[in-house]
2 protein chains.
Amino acid sequence: MISKNELKYIQSLYHKKARDKEKLFIVEGPKMVQELLESPFTVQKVWTTQQKWLKTFPKAPIELIDEQHLAKASHLSTANEILAIAQMAEHKNPPRPAVGSFILALDGIRDPGNMGTIIRMADWFGVDRIVASPDSADIYNPKVVQSTMGSIFRTSVYYAPLEAYLANNPLTVYGALLSGEPLGSFPISVPVKEGIIVIGNESKGIRQEILPFVTQAVKIPAFGKAESLNAAMATAVLLGHFKIPSFQK
Amino acid sequence: MISKNELKYIQSLYHKKARDKEKLFIVEGPKMVQELLESPFTVQKVWTTQQKWLKTFPKAPIELIDEQHLAKASHLSTANEILAIAQMAEHKNPPRPAVGSFILALDGIRDPGNMGTIIRMADWFGVDRIVASPDSADIYNPKVVQSTMGSIFRTSVYYAPLEAYLANNPLTVYGALLSGEPLGSFPISVPVKEGIIVIGNESKGIRQEILPFVTQAVKIPAFGKAESLNAAMATAVLLGHFKIPSFQK
């Protein structure tokens, strides 16, 4: 069962203001909720249309509801079996950049889909942490959560002003810039074990104030006529280049 | 001015059936419409809220309309100054794979955002053509068109059954498979000048029927815990790896 008030409460969590106040976020669908239930995150409540979940996770606070109510609670175009509310990870300051860390710094990534995809890739490529400027998309936005495909439960994302974060750090700071040196034209030892890669805003790139901290400007060489790659694609190419060596006989 | 019938006609083109019947598609926003008007595509009609477009493209069939009407015609959450209707490229059979061609084969890419992003990357990395299985997303879906950021006007995309297309071809067929050899562990000469890269469906991967045509199964090595990368991100990493050499002293 789900009450009208609970429904209203869930729906309020689709807005950042309410999420930040309640320190809760929404997770939907079997794959995502299963990963949530197996993660260290605290789950406040789960609603599902399927009995089996009560058996699989007997200790979780799961209640059965009907399809119509799940559809009302859901933000997906088609509600998908199960929906959970979980506590956000505590907002902490990021650890200072240290020798041996491999860090992604996001300077104003605004699109939730890009943010989610970047978190998923960071998880794939073993990035130690993501530090996002405060104007970046909220990782607890439901679109971000869903597009991480579970990586949100395994990836450390911090929000901090990048100027202060990048100042006085011992790592090479790679910045993706159209004026950068093409990948492949400067020496790196693949797989790169440490460093900070700065990815700029989707339309404006890396802010002027951040440029002085970039110690190695890089660009993705173009072989065709497209003017740009989107931020998530650029991140994919950069992480692939930094982590996957070319074949050596 | 725009008539009620014209508005209805535009709105009908958001559906594949009408697009295929009329052989027309919709392009929105200043950047995209400018690229369209400078492309070889035949433009049927353009509506804009801004006088300046009539001066910039005096020979184009442009009419002024007010914001309310543009909003009604638009599919964007915020209508963006200009909307055009253009003729689709003629549906032709793809040229047979030939020595020296670098081809992307898409086996059931269904998500319009992935399709658009892949077209944009193909344009960036100088892919000669894309051959998509008939069940792949329609490139004239407005979401695909918009997410190509203009690359749709420069990239050759064909629809064809991949079994027939891949049979008896002289090129190495790389298939992205979880069971493949990790990138970096088999010899390729970067930048790779010819070959076919097969990208599978977002959830099911490459279909069983296509596997016999794959001559080099490849996978993207994982460094973290994510279970998968999405199809567009995998394409980004693969194209980056195939086209961008590591630094050589």
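Please say if region B:102-243 is rounded, prolate or oblate, where rounded means a/c under 1.5 for a ≥ b ≥ c the square roots of the C-alpha gyration tensor eigenvalues, and otherwise the choice is prolate for a/b larger than b/c and oblate otherwise? Judged from the Cα gyration tensor, region B:102-243 comes out rounded (a/c under 1.5). The same position A:Ser156 in the other copies lies at 5.0 nm from this copy, comparing label points 7 Å beyond Cα toward the beta-carbon, shortest first. Name all residues of region B:48-88 having a backbone nitrogen under 14 Å from the label point set 7 Å from the Cα of B:Lys23 along its Cα→Cβ direction, giving them as ranges. Only B:86-88 fall inside the zone, counting backbone N under 14 Å. In this assembly of identical copies, the label point of A:Ser203 (Cα plus 7 Å along Cα-to-Cβ) is separated from its counterparts by 3.4 nm, sorted shortest first.
Placing a label point 7 Å from Cα along the Cα-to-Cβ axis, B:Val99 is separated from the same position in the other copies by 5.4 nm, shortest listed first.
Give me the distance between the Cα centres of region B:70-117 and region A:115-177, rounded to whole Å. What the calculation gives is 30 Å, centre to centre. Taking amide H positions as modeled 1.01 Å from N, with prolines and chain starts lacking one, the residues under 5 Å from B:Val131 and 5 or more places away or on another chain are B:Leu104, B:Ala105, B:Leu106, B:Tyr158.
The overall shape of region A:4-87 is oblate: from the C-alpha gyration tensor, with semi-axes ordered a ≥ b ≥ c, the ratio a/c is 1.5 or greater and a/b is no larger than b/c. Mean partner shielding of peptide A:122-135, defined as the number of other chain Cβ atoms within 10 Å of each residue Cβ, is 3. Scanning chain A for DSSP H helices at least 15 Å long along the axis (C-alpha atoms) with a Kyte-Doolittle mean no lower than -1.0 picks out A:112-124, A:231-243. When only the Cβ of Lys, Arg, Asp and Glu is charged (+1, +1, -1, -1), the dipole of region B:102-243 relative to its Cα centre reaches about 300 debye. Take the Kirkwood radius over Cα pairs of the protein assembly as shown, plug it into Stokes-Einstein at 4 °C and 1.567 mPa s, and you get 53 µm²/s for translational diffusion. Sequence-distant contacts, meaning Cα pairs under 8 Å at least 6 residues apart, place the relative contact order of chain A at 19 percent. The ellipsoid equivalent to the alpha-carbon distribution of region B:30-152 has semi-axes of 30, 16, 12 angstrom, derived from the gyration tensor eigenvalues as √(5λ) and listed largest first.
Around the Cα centre of the protein assembly as shown, unit charges on the Cβ atoms of Lys, Arg, Asp and Glu (plus for the first two, minus for the last two) sum to a dipole of about 20 debye.
What share of Cα pairs, in percent, lie more than 27 angstrom apart in chain B? Counting every Cα pair in chain B, those more than 27 Å apart make up 41 percent.
A simple count of charges around B:Trp47, restricted to other residues whose Cβ falls under 13 Å of its Cβ and scoring Lys, Arg +1 and Asp, Glu -1, yields -4.
Values quoted throughout were computed directly from the atomic coordinates according to the rules given, and no laboratory measurement underlies them. Please read all numbers here as calculations on a predicted model, not as lab measurements. Because the Cβ atoms are built from the backbone with ideal geometry, glycine has one as well, and the counts that use them run over all protein chains shown.
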